[in-house]
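Scroll down for the structure; my scribbles are underneath it.
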Amino acid sequence: MVQQTLQTPPELLHYQLRTALTMEDDSLAALGELSKGAKSAEVKQMFRHHADETKEQIANLHRVFQLLDLKLSKAPSPSTKGIGKQAGSLIERSAPKLRDQVVLSCALGNEHYEISAYQSLIIPVTAMGATEVAALLQANLDQETHTSEELHTMLQKLAG
């Protein structure tokens, strides 16, 4: 399959938004797997809560496509596929007593990727003056940042 060469900033933005939608779908699926791999009820609850937030983030992205009058579609997100594969491999290789640390570490890596993706999207939409779009993306970024902090805190608690 021949890939289209992105020529303009709007084409790049549309592609990155399509990738972000795939990223969030991948993350939602991964959260289910991470929750299954977790041992403590507290960690499982964190993943259930973040799954609910991820559904909100997907809805925000759908609204972004509408506001920008872009066709709602997805593009590949090899990074999130790789993060998911790494998580599965680590869970399989880990003793049950390490599972909570493993799933939290994997989730933290995914959050950092999502944070950078949203930061990269907010810059061009802000430059375009698309304030409502920027606010939706910022809401997603804020949730991802908060989740990253929660994961970090829980990981420190378990490691200490």
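Quick notes on this structure:
- Any hit, segment 102-113, residues being hydrophobic (A, V, I, L, M, F, W, C), assigned to a helix (DSSP H, G or I) and touching a Ser or Thr at 6+ places or on another chain (Cβ under 6 Å): yes
- Being part of a helix (DSSP H, G or I) and over 28 Å from Lys157 (Cα atoms) is a condition met by at least one residue of segment 25-40.
- Evaluation of Thr5 against (1) more than 30 Å from Gln156 (Cα to Cα); (2) outside any loop (DSSP other than H, G, I, E, B); (3) β-branched (Val, Ile, Thr) (one fails), failing number: (2)
- Residue match in segment 57-64 (condition: touching a residue at least 24 places away in the same chain (Cβ under 8 Å) and among the small types (Gly, Ala, Ser)): no
- Every listed requirement among (1) assigned to a helix (DSSP H, G or I); (2) out of contact with any Cys (no Cβ under 9 Å at 6 or more places or on another chain); (3) not charged (D, E, K, R) is met by Ala87 save one, (2).
- Hey, Ala29 within 17 Å of Gln143 (Cα to Cα), of a type in the set (A, V, I, L, M) and under 16 Å from the mean Cα position of the chain (by Cα) or not: no
- Scanning segment 67-83 for residues that are among the small types (Gly, Ala, Ser) and either closer than 20 Å to Pro9 by Cβ or assigned to a loop (DSSP other than H, G, I, E, B) (or both) turns up Ser73, Ala75, Ser77.
Residue-by-condition table, conditions (1) loosely packed, with under 13 Cβ neighbours inside 10 Å; (2) charged (D, E, K, R):
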{"position": "His14", "(1), (2)": "no, no"}
{"position": "Ser27", "(1), (2)": "no, no"}
{"position": "Glu42", "(1), (2)": "yes, yes"}
{"position": "Glu53", "(1), (2)": "no, yes"}
{"position": "Leu72", "(1), (2)": "yes, no"}
{"position": "Pro78", "(1), (2)": "yes, no"}
{"position": "Glu92", "(1), (2)": "yes, yes"}
{"position": "Leu98", "(1), (2)": "no, no"}
{"position": "Val103", "(1), (2)": "no, no"}
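- Search result, residues across segment 117-160 that are over 24 Å from Ser77 (Cα atoms) and among the aliphatic types (A, V, I, L, M): Ala127, Met128, Ala130, Met154, Leu155, Leu158, Ala159
- Meets criteria (at pLDDT 95 or above, within 12 Å of the chain's Cα centre (by Cα) and among the charged types (D, E, K, R)) for Glu114: yes
- Subset of segment 121-160 (residues that are more than 30 Å from Ala38 (Cβ to Cβ), in a helix (DSSP H, G or I) and among the small types (Gly, Ala, Ser)): Ala127, Ala134, Ala135
- Selection within segment 129-160: residues that are touching a residue at least 60 places away in the same chain (Cβ under 8 Å) and hydrophobic (A, V, I, L, M, F, W, C). The member of this set that is surrounded by the most Cβ atoms within 10 Å (Cβ to Cβ) is Leu137.
The values are calculated or read from the model by the stated rules, or taken from the named source; none is laboratory data. Computed from a predicted structure; not experimentally measured. We place every Cβ from the backbone using ideal geometry, glycine too, and count neighbours over all the protein chains shown.
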